[in-house]
1. Any chance the range 255-270 includes a residue that's among the hydrophobic types (A, V, I, L, M, F, W, C), closer than 16 Å to residue 181 by Cα, part of a helix (DSSP H, G or I) and within 13 Å of the ligand (Cβ to nearest atom)?
2. Name the residue, out of 220, 208, that is out of contact with any helix residue (DSSP H, G or I) (no Cβ under 7 Å at 6 or more places or on another chain) and at positive phi.
3. Identify the single condition in (1) more than 16 Å from the ligand (Cβ to nearest atom); (2) assigned to a helix (DSSP H, G or I); (3) surrounded by 15 or more Cβ atoms within 10 Å (Cβ to Cβ) that residue 308 does not satisfy, given that it satisfies every other one.
4. Is the range 40-51 home to any residue that is farther than 26 Å from residue 322 by Cα, touching a residue at least 40 places away in the same chain (Cβ under 8 Å) and among the polar types (S, T, N, Q)?
5. So in the range 246-278, with the set limited to residues that are within 21 Å of the chain's Cα centre (by Cα) and β-branched (Val, Ile, Thr), which one is farthest from residue 168 (Cα to Cα)?
6. Out of curiosity, is residue 174 assigned to a strand (DSSP E or B) and of a type in the set (Val, Ile, Thr)?
7. Taking the criterion of being within 14 Å of the ligand (Cβ to nearest atom), surrounded by 24 or more Cβ atoms within 10 Å (Cβ to Cβ) and outside any helix (DSSP H, G or I), would at least one residue in the range 290-297 satisfy it?
8. If you go through the range 109-156 one residue at a time, how many are in contact with a Phe, Trp or Tyr (Cβ under 7 Å, 6 or more places away or on another chain), assigned to a loop (DSSP other than H, G, I, E, B) and more than 16 Å from the ligand (Cβ to nearest atom)?
Amino acid sequence: MAFTTDGYKRKICYYYDGDVGNYYYGQGHPMKPHRIRMTHNLLLNYGLYRKMEIYRPHKSSPEEMTKYHSDDYIKFLQQIRPGNTTDFNKEMQRFNVGEDCPVFDGLFEFCRISSGGSVAGAVKLNKQQADIAINWAGGLHHAKKSEASGFCYVNDIVLGILELLKYHQRVLYIDIDIHHGDGVEEAFYTTDRVMTVSFHKYGEYFPGTGDLRDIGAGKGKYYSLNFPLRDGIDDESYSMIFKPVITKVMEMYQPQAVVLQCGADSLSGDRLGCFNLSLKGHAQCVEFVKKFNLPVLLLGGGGYTIRNVARCWAYETSIALDCDIPNELPYNDYFEYFGPDFKLHIQPSNMQNQNTSDYLEKIKTRLFENLRMMPHAPGVQMQPIVDDGAPDDTEDTEDNEAKTADQRISIRASDKRVANENEYSDSEDEGEGGRRNNGTPRKKMRAGSPSDRMVIDEDCTTTAAAAATATAATAKNGAAEPPAAAEKEAETKTTKEEAVKNGDHEEPKVAAEVS
Ligand SMILES: [Zn+2]
């Protein structure tokens, strides 16, 4: 239980699977799940485990994933592996797997872990057993219903929001990744039960969507908000737009729960990004959202200069906990990554901020005009939640298909540097001006073999699209929480060793699955 400056007590639940850092997208690929392990290790060494409950989440089942994704897409993700890609040429094209989104060892297990944490966090919030739930392995906002995109395969955010919608009338999604939160926007484009707000670089940049004029459609008109930004935005400018926009959204929409995607590629010096935020500038968004005292699901996302990703999410964990942590980094397993200064905070660069005050004010004014068009706090008739764990029988309206990105563009195309061919060097992860490989031996970061691949459930027939599920308040309490056995794990969190172990023990036998 964290005690806050405002006297409000918050309980924080944190989801982490000790295996997540082993998954490896491939040589030279900027997305490195290892950053999640670095984050975890750093925050453990800051002692933050003492103030929160640490869970290893259940792994999402295919049935849970098909609450949003199409059956054939999820079936494909289960089957595909590096050794059989030649048998799936057609499917790989169709599902956009191969380039930005490669086939790697344990791909589906990785998706299960990422989604499992976000859904478990949502369930925890629904049960009012946490005020803030954290899953840094989540936030994979580009994944589409039947398509991988931008390093994302399964959209844990959509699945988490669908879970929150079982208990909450209105859910606000906020995205501070440098890239547009297109997958989440698309899923909820036609419903007023989810408002999506994305701040992102716009203009010749992946994924190409997120225009100011994209405001939602049908019942969802005015419930999508996009703030397009130019290169080099700094802390002060970001604060100048984020706070008033979110304040207005809170006032008009009155959400009952918030999902905050904390993509760290909006930080200064990111390998793929071009913003100029410090950790403080980034984390002020977390701090600001927290002040509204709503249930918050805090998720990761992008972030490609991995030493800074670990810094950022460890720091944001401390913000969630209302706990001051020193700028001097504690010794940790990946200490050599953080040289030469070994400090927590990072300095913004002297790059030009191409977002003038005039530009930002103009966009803000336009967005406020849209917000005024929104009816105050729309409501639908909530129906009693019955049959926990029953299959979802809501209709699939396919409304969310109405808006799709025009064409695929590569997220890796914005990779600013030539990847180091030495895959074991952490300098592969570093952006320009970053630290150089100091010769310290690196840990090998290969994925383990995917040993417990799931058997496909042929009875899997639940294909409810997110928009449909969201509109009909009859959603059943399908996905679930690790059972009591898993919850007990939180009680073994009092020592650091145990906290580490906590992220490493066996998955509960009766994993939460839709029955
Ligand atoms: Zn991103």
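1. So in the range 255-270, the residues among the hydrophobic types (A, V, I, L, M, F, W, C) come out as 257-260, 262, 264, 267.
Cutting the leftovers down to closer than 16 Å to residue 181 by Cα gives us 258-260, 262, 264.
Among the residues that remain, those that are also part of a helix (DSSP H, G or I) are: 264.
Filter once more, so that each one left must be within 13 Å of the ligand (Cβ to nearest atom): 264.
Yes, the range 255-270 has at least one match.
2. Details: 220 fails: at positive phi.
Residue meeting the stated conditions: 208.
3. Of everything listed in (1) more than 16 Å from the ligand (Cβ to nearest atom); (2) assigned to a helix (DSSP H, G or I); (3) surrounded by 15 or more Cβ atoms within 10 Å (Cβ to Cβ), residue 308 misses just condition (1).
4. In the first step, residues of the range 40-51 are kept if they are farther than 26 Å from residue 322 by Cα; the result is none.
The answer is no, given that none of the residues of the range 40-51 is farther than 26 Å from residue 322 by Cα, touching a residue at least 40 places away in the same chain (Cβ under 8 Å) and among the polar types (S, T, N, Q).
5. 246
6. On the way: assigned to a strand (DSSP E or B): yes; of a type in the set (Val, Ile, Thr): yes.
Criteria met by residue 174.
7. Residues of the range 290-297 within 14 Å of the ligand (Cβ to nearest atom): none.
No, because not a single residue in the range 290-297 is within 14 Å of the ligand (Cβ to nearest atom), surrounded by 24 or more Cβ atoms within 10 Å (Cβ to Cβ) and outside any helix (DSSP H, G or I).
8. The qualifying residues number 2.
The values are calculated or read from the model by the stated rules, or taken from the named source; none is laboratory data. Quick caveat, the model's predicted, so the values are computed rather than measured. Here the Cβ is made from the backbone with ideal geometry for all residues, glycine too, and neighbour counts use every protein chain on show.
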